[in-house]
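To start, the structure itself, in structure tokens.
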Amino acid sequence: MRGVVTSLLITAAWAQAQSSVEFGMMTWPEVKKALQSGKTTALVYNGGTEQRGPQNVNGGHTLIAREVSRRIAEKLGNAIVAPVLPFSPNNASAKLPGTIGITPALFAAINEQVAEQLIITGFKSVVLMGDHGGGQKELGDVARKLDEKYSSKGIHVVFCDGVYVGTKEHPGAQADFEQWLADNGYPSGGHAGVSDTSEMLYLGGDRGWVRKDLIKTAVGDPVLKPGERRDANAPRIDNGITGDARRSTAELGKRFIDMKVDYGVRQIRELLSTGGAAPRF
């Protein structure tokens, strides 16, 4: 009986946390009250539907984006999360049928309209982010365009790239985590590799996000170093994995997710404190 009560309490607390920061889980009076209380920053975190190897579900980008954005909003204290867009710039494949993509132009147009809708609603700051490599440039372009349009009204639109790759000069959470893996003797990561699979295990290992029985065989084509070419004579393991995910763990996933949240919170605070300029995390 005690276990049932504890489970109910945890479920209730989780639902309450969602309703306090997730736009889609709030009623309109709750959104209005939140805006009036100072929650005037909107987080637009893009996900994606993409094959992630035989072991991870196709909706991984979206599932991760929803959880990370909620945690970022809770830490910021003044933010609400818009519904996560489940599509990103990509192309479907009949050979690996797990991807539903949209064009970069459509992706940019959707983010631009969503941001402007949030501004009409009453948000004073809109933060664009993405959990997928495709679309990062478009998010930066949209943020610059809209910030120029609205900054004179005291409204800012910014792009937070710290939660993903970042830049060569200022690596984001993913790049720094991959470096940490290399420094600690883990195999090079790539698509559906150690990084992707570990964060899926941490956030949803008990919710069916990962086929755990397949992790022991979760190895694919090797990660190529910059400038390195694939050996044309080497056999291909065309299963959607780049790298080796066999050492993936929930503990590694927690480290990675914590980095994403910390990098995101820090960069967003810096971006908004400087009126939309581009300081680094």
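What is the Cα convex hull volume of region 96-186 when expressed per residue in Å³?
Once divided by residue count, the hull of region 96-186 is 129 Å³.
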Global size of the chain as Cα Rg and Dmax, reported in angstrom: 19.4, 63
Calculated from DSSP H runs of 4 or more alone, at -39500 (n - 2.57) each and per residue, what is the 222 nm mean residue ellipticity of the chain, nearest 500? -14500 deg cm²/dmol
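Give the relative contact order (percent, whole number) for region 203-255; include only Cα pairs under 8 Å separated by 6+ residues.
So the answer I get is 46 percent.
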Charges on Cβ only, +1 for Lys and Arg, -1 for Asp and Glu, centred on the Cα centroid of the chain; of Gly162, Ile237, Pro104, which one is farthest towards the dipole's positive end? Gly162
May I ask you to evaluate 6.51 cos²θ - 1.76 cosθ + 1.60, the Karplus curve with θ = phi - 60°, for each residue of region 123-129 and list the ³J(HN,Hα) values in order in whole Hz, giving x for glycine and proline? 6, 9, 9, 10, 10, 9, 9
What ranking do His61, His156 get, fewest neighbouring Cβ atoms within 10 angstrom at the top? His156, His61
Fewest-first sequence of Glu67, Glu50 by Cβ atoms within 10 Å of each Cβ: Glu67, Glu50
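Out of all DSSP beta bridges with both ends in the chain, state the antiparallel percent to the nearest 5.
25 percent
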Sequence-distant residues sharing a close amide H with Ile102 (under 5 Å, placed H): Ser88, Asn90
Anything in the chain that counts as a DSSP H helix reaching 27 Å or more along its axis (C-alpha) with Kyte-Doolittle mean of at least -1.0? List them, would you? 2-21, 250-273
Please rank Arg66, Arg230, fewest neighbouring Cβ atoms within 10 Å first, as an exposure proxy. Arg230, Arg66
For the chain, set up a Gaussian network in which alpha carbons nearer than 10 Å are linked by springs, and say which option among Asp213, Asp244, Asp262 fluctuates the most. Asp213
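Bear in mind that the values in this text are calculations on the coordinates, not laboratory data. Just so we're clear, the structure is a prediction, and the values are computed from it rather than from any experiment. In this analysis, Cβ positions are derived from the backbone assuming ideal geometry, glycine residues included, and neighbour counts consider all displayed protein chains.
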